[in-house]
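First the structure, in the form of structure tokens, and then the observations on it.
Each value in this text was obtained by applying a stated rule to the coordinates, not by laboratory testing. What you see is a predicted model; the values in this text were computed from it and never measured. For neighbour counting, all protein chains shown are included, and Cβ atoms are generated from backbone atoms with ideal geometry for every residue, glycine included.
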Amino acid sequence: MLTKKEKNELFKLVARRNEHLKGSRYWNILEYLITLLLMVVLAFSIRAVLFEPMRVKGSSMENTLLQGDYMAVEKLSYIVKPMKRGDVVICYYPNNDEYTCVKRVIGLEGDTITIEGGIVSVNGVTLREDYVTTGLTSKHDGTYEVEPGCVFVMGDNRLVSRDSTDGMVGSVPRERVIGRVRRVLLPFSRAKKVESIDYGV
């Protein structure tokens, strides 16, 4: 038989244990909420810095990209390596911070772009552009010099594309390029890797 004093000590011990377990449960909930918050912050950080899904608006990149396609846009690589001719990129037009556009990089700073009868040459090298499937147009014909710190971009659908051949757009400053399109994610029937083109320039 336990004495009254021993019973009181036992009750106190059980009460302390229950209080400890109660605190542990609260801590587990708090730890879960903190982990969840960190995951949300990490997801937004990845989207802002590394990767972002974006939707194609317009038809200027047909048939490489179609209106409504969801693209995976990767934002980190151009920080550590230079942009290349043939990359498909997301950018802002100069003097327009509201809307982004998707285009293909045709020329880099210092390049001379010549277009005759819709045929594009860079520094005297004629580009093989098998991705242009909508026919050639002479509306872009002319010679263009790519300004320092800029890139020259064009849409694959030359009939409707508003791009660097337009005097209201011109060369796009490098810092206006958000990232490179890596993949088509949706719809599943069109899911594919978006390849850069090596023009041999």
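Cβ-to-Cβ counts within 10 Å put 87, 111 in ascending order as 111, 87, the fewest first. Spacing of the modelled spin labels on residue 79 and residue 147, each 7 Å from Cα toward Cβ, amounts to 2.7 nm.
Counting beta carbons within 10 Å around each of 69, 141 and listing the fewest first gives the order 141, 69.
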